[in-house]
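Computed from the coordinates by the stated procedures, all read-outs in this text should not be read as laboratory data. Treat the numbers as computed from the prediction; the structure is a model and nothing was measured. Every residue, glycine as well, gets a Cβ built from its backbone with ideal geometry; the counts of neighbours run over all protein chains shown.
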Amino acid sequence: MNNKLKNYLGIVIIAAILILSFAAVSYVNSYARSIQPSAFRSFSVSAEGKAAVVPDVAQFSFSIITEGGEDVAVLQKENTEKSNKIIEFVKSSGVEKKDIKTQMYNVEPRYQYSECVPVIRENSKVCPPPEIVGYTINQSVLVKVRNFEKIGDILAGVVKNGANSVSQLSFTLDDPTSVQDQARNEAIRRAIEKAKGVAKAGNFRIGRLLSIEEGGGYYPVYALKGFGGEAAALPSPTIEPGSQETTVSVILRYEIK
């Protein structure tokens, strides 16, 4: 009886050990797969989604460049008066204060260099150092315009009121979230359809989704016509914002069953 009991207990213990070993191996494999998706047999597909909308914000920079003699105070006064006049014009055209930003304010000396050619020898004449003969002040301001009907008039007006340079005209979206979502949804839909086609061609079943990678970009398209020459003598330029295309690319990685 004791031998039978011992044999029975031995069988039970061996079975318990086997069950625990199998459970441990299964747990380790499951955990490894959960933290390392590459442990699966897997495949990936990529796709792009696009969405186009008309931009709702135009922005450009203008600069006031003032050159003169050595009296910096006089130059600063002249530059400030011009910039304030332009900013007041921009505000009077309906642009809010929050959409006007000073980007740069530089005061730089201008030098006159001697034509002296140095000769390296004893008692040779030493060339004089460069001499400051004046200063240049450059102030740059960024403007955002939300009323597209006024863009041309504002561009022409800032030049008429004293801006030496107008540049970096571009169009953008105040909140690109919505169009990004549209492009992303389209990209994922195409990737899913592509994955189904690959699985069917490869004669396997699609398992669970392991990962999603995303990339994207913005491609503004716009037109600028008629800007140039004397601003006071020409009509306001015609500005066409065109459309802004948002592209989102995704890579979906699936388990192969």
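Data overview
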{"read-out": "Order of Thr102, Thr172 under a 10 Å beta carbon neighbour criterion, fewest first", "value": "Thr102, Thr172"}
{"read-out": "Label point distance in nm, Ala201-Lys101, each placed 7 Å from Cα along Cα→Cβ", "value": "4.6"}
{"read-out": "Aspartates and glutamates whose Cα lies under 14 Å from that of Lys82, excluding same-chain neighbours fewer than 8 positions away", "value": "Glu67"}
{"read-out": "Sorted by Cβ neighbour density within 10 Å, fewest at the top, the residues Arg146, Arg208, Arg184", "value": "Arg208, Arg146, Arg184"}
{"read-out": "Estimated distance in nm for a label pair at Val126 and Lys257, the labels positioned 7 Å out from Cα along Cα-to-Cβ", "value": "8.8"}
{"read-out": "Sequence-distant residues sharing a close amide H with Arg110 (under 5 Å, placed H)", "value": "Val133, Gly134, Tyr135, Thr136"}
{"read-out": "Entries of Lys50/Lys160; Lys50/Lys101; Lys50/Lys97; Lys50/Lys91; Lys101/Lys150 with Cα pairs more than 30 Å apart", "value": "Lys50/Lys160; Lys50/Lys101; Lys50/Lys97; Lys50/Lys91"}
{"read-out": "Label-to-label distance, nm, for residues given as Leu209 and Ile65 (7 Å Cα→Cβ offset)", "value": "5.3"}
{"read-out": "Sites Lys50 and Ser167, calculated FRET efficiency, Cβ-Cβ separation with R0 30 Å, nearest 0.05", "value": "0.55"}
{"read-out": "Least to most buried among Leu173, Leu252 (fewest other Cβ within 10 Å first)", "value": "Leu173, Leu252"}
